[in-house]
Amino acid sequence: MKALIRSVALIAIVAALLSGAPAFAADAIHNGVDLWMTVAGFAQTSFADQPIPAGFFCEGSQPFTGTVKFQGVPFATEPAKSLGGMDTAVRRLDDAVFNEKGEATTRIQLMALSLASVKPIETSCGKYDVAVSLAGEQPVTTMKIFRTEALGGTYSAPLSLNVKAVFTPVDGTKSARREVTRRIELGPGSHSVWAYVQAPQYPASIKIDTNGDGKPDTVLPASSNFVAGVSPAVLKGNAPARPHLAASLSTDTSTVIACPAGQCAYQSCHCSSTSTDPYQSSSGCGSDHLHCIWTCVTCTTQFQPADPYLNPGN
């Protein structure tokens, strides 16, 4: 009987190796942090419904009801520049265990955000640069994860966040600096994919700035066996078992967004929760709030972008 058990076990191991499926393919997803890079010009917030009141910028200033477009500013980290161009961090608070349908859930919470206006806003008191970071305790929402194949799948992750917007005069007048806080609700993002990983996605003991003061203050939790934003197809064939998220590659003339071989860079857009279709791209989003991030999805005819290496400055 023992010999039979050993033979069955050996056959199972060999079958797994031949199939190319890693041993962790059915594992629970460990809690951890997902890091993102914002698509410049495709993150925005509107003050139309909650105007900045009259007299905010200076005596006699009119209410501000405009829309501010943002670009990502890389986190201040310790060691410096250890996370590249990442500007958004979402923490998965729980291990996610799959049921018989291949579905799992975890609570998520914004851990850090670092955005700046693409250009200054115009007011009757002069021009202001706008920086956005998180403000205080962050709300918790639920992320649903679906394992659609052995190596990964898709997920749905609506976001809720409390943000601080800092308005700094372009002319440098320190006394004219202003701040406001806002609660923002964002629906699930489009092109939301994930893959299992074996190797850590970032080194241990990296500290990041979570409150927007430019000083790293919180150590990231250990990297998990999950990478959001990369479709699992990258693990098939002879590809290495360490998929990576979209990364910026700077040249002398521009910055391009690159993905693993066989993958193309796409925008995953989280729209205002009141948008008509928050599951689609930015064309289906409302005009009040929007945050688009870069993901790496298998290049297909259906979703092939005009230029897979998009310049985020455009």
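The values are calculated or read from the model by the stated rules, or taken from the named source; none is laboratory data. Given the structure is predicted, the values throughout are model-derived calculations rather than measurements. In this analysis, Cβ positions are derived from the backbone assuming ideal geometry, glycine residues included, and neighbour counts consider all displayed protein chains. All accessible areas refer to the heavy atoms of the entire protein, side chains included, with ligands and DNA or RNA removed. Shrake-Rupley method; radii C 1.70, N 1.55, O 1.52, S 1.80 Å.
Given segment 103-142, what strands (runs of 3 or more DSSP E) lie entirely inside it while holding 3 or more residues that are more than 19 Å from the chain's Cα centre (by Cα)?
Those strands (runs of 3 or more DSSP E) span 121-123, 126-134.
Please enumerate the residues belonging to segment 11-33 that are modelled with pLDDT of 90 or more and open to solvent by 10 Å² or more (accessible area, probe 1.4 Å).
Ala28, His30, Asn31, Val33
Only one of Lys164, Lys174, Lys127 is out of contact with any Asp or Glu (no Cβ under 8 Å at 6 or more places or on another chain) and closer than 29 Å to Gln62 by Cβ. Can you tell me which? Quick ask: steps written out before the conclusion?
On the way: Lys164 fails: out of contact with any Asp or Glu (no Cβ under 8 Å at 6 or more places or on another chain); Lys127 fails: out of contact with any Asp or Glu (no Cβ under 8 Å at 6 or more places or on another chain).
Of the residues listed, the single one that is out of contact with any Asp or Glu (no Cβ under 8 Å at 6 or more places or on another chain) and closer than 29 Å to Gln62 by Cβ is Lys174.
Tell me, which residue of segment 117-131 that is among the hydrophobic types (A, V, I, L, M, F, W, C) and open to solvent by less than 20 Å² (accessible area, probe 1.4 Å) is farthest from Glu179 (Cα to Cα)? Steps first, answer last, please.
Applying the first criterion (among the hydrophobic types (A, V, I, L, M, F, W, C)) to segment 117-131 yields 118, 121, 125, 130-131.
From what's left, open to solvent by less than 20 Å² (accessible area, probe 1.4 Å): 121, 130.
On the way: Ile121: 14, Val130: 9 Å.
Result: Ile121.
Mind checking which residues of segment 70-81 are buried (at least 18 other Cβ atoms within 10 Å of the Cβ) and in a strand (DSSP E or B)?
Listed by number, the residues that qualify are Phe70, Gln71, Gly72, Thr77.
Search segment 147-161 for residues that are under 13 Å from Asp34 (Cβ atoms) and pair each with any residue that is assigned to a strand (DSSP E or B) and of a type in the set (A, V, I, L, M) when their beta-carbon atoms are under 7 Å apart and the residues are at least 6 apart or on different chains.
Listed by first residue and then by second, the contacts come to Tyr155/Met143; Tyr155/Ile145; Tyr155/Ala228; Ala157/Ile108; Ala157/Met143; Leu159/Leu110; Leu159/Leu186.
Looking at (1) surrounded by 16 or more Cβ atoms within 10 Å (Cβ to Cβ); (2) in contact (Cβ under 8 Å) with a residue 60 or more places away in the chain; (3) within 28 Å of Gln50 (Cα to Cα), can you tell me which one Val193 breaks?
(3)
Do you know which of the residues in segment 143-175 that are among the small types (Gly, Ala, Ser) and within 16 Å of the chain's Cα centre (by Cα) is farthest from Glu185 (Cα to Cα)?
Keep residues of segment 143-175 that are among the small types (Gly, Ala, Ser), which gives 150, 152-153, 156-157, 160, 165, 172, 175.
Keeping just the survivors that are within 16 Å of the chain's Cα centre (by Cα) gives 156-157, 160.
Values: Ser156: 14, Ala157: 11, Ser160: 5 Å.
Once the filter is applied, the top-ranked residue is Ser156.
Give the residues of segment 156-177 that are more than 30 Å from Cys269 (Cβ to Cβ) and among the β-branched types (Val, Ile, Thr), sorted by residue number. Show your work before the answer.
So the first thing to find is which residues in segment 156-177 are more than 30 Å from Cys269 (Cβ to Cβ), and the list is 169, 171-177.
The one that is more than 30 Å from Cys269 (Cβ to Cβ) and among the β-branched types (Val, Ile, Thr): Thr173.
Which of (1) basic (Lys, Arg); (2) open to solvent by 60 Å² or more (accessible area, probe 1.4 Å); (3) modelled with pLDDT of 95 or more is the odd one out, the single condition Arg92 does not satisfy?
Here Arg92 clears every test but (2).
Please determine, by comparing only the residues of segment 151-183 that are surrounded by fewer than 17 Cβ atoms within 10 Å (Cβ to Cβ) and small (Gly, Ala, Ser), which one is nearest to Lys119 (Cα to Cα).
Selected residue: Gly172.
Looking at segment 45-68, can you tell me whether even one residue there is touching a Lys or Arg at 6+ places or on another chain (Cβ under 7 Å), at pLDDT below 95 and farther than 17 Å from Val166 by Cα?
no
Is segment 136-150 home to any residue that is in contact with a Ser or Thr (Cβ under 6 Å, 6 or more places away or on another chain), under 18 Å from His289 (Cβ atoms) and crowded, with 20+ Cβ neighbours inside 10 Å?
Checking segment 136-150: not a single residue is in contact with a Ser or Thr (Cβ under 6 Å, 6 or more places away or on another chain), under 18 Å from His289 (Cβ atoms) and crowded, with 20+ Cβ neighbours inside 10 Å.
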